[in-house]
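What follows draws every value from the coordinates through simple rules; no lab data is involved. Here the structure is a predicted model, which is why all the values come from computation and not from measurement. Quick reminder, even Gly has a Cβ in these numbers, built from the backbone with ideal geometry, and neighbours come from all protein chains shown.
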Amino acid sequence: MDNSIIFAVGGVILGLIIGFIIAKTLEKNNASKLVKEAKKSASLILKEAKSEGENLKKDKILQAKEKFIELKAEHEKVILARDKKMAEAEKRTRDKESQISNELSKGKKLNESLDRKINDYNHRLDVLEKRQEELDRLHKSQVQQLEVISSLSAEEAKEQLVESLKGEAKNDAMAFIQSAMEEAKLTAEQDAKKVIINTIQRIGTEEAVDNCVSVFNIESDDVKGRIIGREGRNIRAIEAATGVEIIVDDTPEAIILSCFDSVRREVARLSLHKLVTDGRIHPARIEEIVKKTQKQIEQEIIEVGKRTVIDLGIHNLHPELIKMVGRMKYRSSYGQNLLQHSREVAKLCGVMAAELGLNPKLAKRAGLLHDIGKVPDAEADMETPHAILGMQWAEKYNEKGEVCNAIGAHHDEIEMKSLLAPIIQVCDAISGARPGARRQVLDSYIQRLKDLEDIAFGFNGVKKAYAIQAGRELRVIVESEKVDDQKAADLSFNISQKVQTDMTYPGQVKVTVIRETRAVNIAK
């Protein structure tokens, strides 16, 4: 029993050993197969890698060859361009060398010709010197013979000749002066008109109109009640502080400020603007604001004067005169702003003085200051004419005598002592007499134009009449059937005489009569 177990166990063990041996043998066979397959795949990969490397090598070599060819072509192009530039430079150099050689040859020829001319000139000088010596000897001998014949020395004969020449020269000079004066009388008026017209044409100015009222605009009518104040105390305080009449009526969003003094009106306007903007309106505040505004206006007057003299190129003007010039901004004469008028006169004077060959800066100075007598002053005598008063102020502040005389004489109060005075007078008239410069009463102005047209319509044959150029020209159109050319000329004269006798007007009125004939046919 035990032997059978042993044999059984031994058989199992033997089977296990045999199975293990068989398994090991199979594993070895599989491993060898795997190794062989791995070697085959490795050899295949190596072959493929070698082929790919060869292909890459060939491609890189081809690319390198192409790049080398491109670089070589570019290099050849650069070399060709450089060779071309060098050839052109060589050609220019050769051309310059040939040109220089030609010029040198020409210079040699010129030098040779100059040498010949110099020699010829020296020879001629020698000949002329010899001839001059001969002439001097002959002149001395002739003078000696004349002294013997005339029994006069050369100096005595010269004195007699000079005396006779002086008499002839005086007669010729008198005749020339007489003819020049006659010519000047004939052309003086025409030349003066040319100078005036050129001066007017070179100055362009705006119309200057000043009123006696200013309009203060407000945002709403509620502000009017605040300006009036309780029982009118605010408006009374404003009127007392500024001296301006304040009119609060039914005009929407507006208050009227009325005063003949422009400075007062401006002070009132600026004060109202500050009060309305601030919102605090009561008598104490009103007095404070008005005082500040008056100082502001005084400073502005000085600034306006400085800007004016700088714009006109006037230097070294006394500060008091600068202040007077600034005050002109708030003064008017016959509705024309005084500063605008003075600036215009100054420019006109400068242009006219330049036309006549005088000092334009001095003329501008006199033109700007010619109306400073119209600016009121506390110490001024209001009965003195403004021209004399302005002259006195100019003398007080050390202006030149020509300027002072021009200021005093521009309205013929004193005698004119220089050419500057009539220039100021003429330019003052040009500035004040142009249409629109000075304001007239509208009704009288319109009535004058109507009267001009009515005078023209009072003659037979007049078809239309127009007063143009602010009443300075009356243009009359007549019926060609009733009025011929001769009657048209007579009609122009008769109308001008009628206007002259029946009307009062500034300046002149030009009467132009137009006679027109028309022939009209229609082509069908």
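Here is how the numbers come out for the structure above:
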| item | result |
| --- | --- |
| Computed helical MRE - 222 nm, the chain, DSSP H runs ≥ 4 contributing -39500 (n - 2.57), nearest 500 | -25000 deg cm²/dmol |
| Share, in percent, of DSSP beta bridges within the chain that are antiparallel, nearest 5 | 75 |
| Inter-site label distance for K510 and D311 at 7 Å from Cα along Cβ, in nm | 3.1 |
| Tensor-based shape of the stretch 207-320 (alpha-carbon gyration tensor, a/c under 1.5 rounded, otherwise prolate or oblate) | prolate |
| Listed residues N398, Q99, N494: farthest to the positive end of the dipole of the chain (Cβ charges) | Q99 |
| Which listed pairs, of K464/K510; K28/K50; K323/K361, have C-alpha distances above 24 Å, in listed order | K28/K50 |
| Pairwise label distance in nanometres, H318 with I21, each label 7 Å out on the Cα-Cβ vector | 15.3 |
| Förster-model FRET efficiency, 45 Å R0, N398 and A169, C-beta, rounded to 0.05 | 0.45 |
| Dipole of the stretch 446-515 [Lys/Arg +1, Asp/Glu -1 at C-beta], most positive-end residue of N460, T512, Q447 | Q447 |
| Backbone HN-Hα couplings from phi across the stretch 287-297 [Karplus 6.51/-1.76/1.60, Hz, Gly and Pro as x] | 4, 5, 5, 5, 5, 5, 5, 4, 5, 5, 5 |
| Residues whose placed amide H lies under 5 Å from that of I218, excluding near-sequence neighbours | A254, I255 |
| Simple Cβ-charge dipole of the chain, Lys/Arg +1 and Asp/Glu -1, about Cα centre, in debye nearest 20 | 4200 |
| Residues I302, I322, I495, sorted so that the one with the fewest Cβ neighbours within 10 Å comes first | I302, I322, I495 |
| Spacing of the two label points (7 Å from each Cα toward its C-beta) at I522 and R233, in nm | 8.4 |
| Gain on full stretching of the segment that runs from E133 to K109 - 0.36 nm per residue minus C-alpha separation | 5.0 nm |
| Backbone N within the stretch 241-280 under 18 Å of label point (7 Å from E287 Cα along the Cβ vector) | 241-244, 268, 271-272, 275, 280 |
| Tensor-based shape of the chain (alpha-carbon gyration tensor, a/c under 1.5 rounded, otherwise prolate or oblate) | oblate |
| Potential lengthening between E245 and A64 on full extension [0.36 nm per residue; Cα-Cα distance subtracted] | 54.7 nm |
| Formal net charge of residues neighbouring L128 (Cβ-Cβ distance under 14 Å; K, R +1; D, E -1) | -3 |
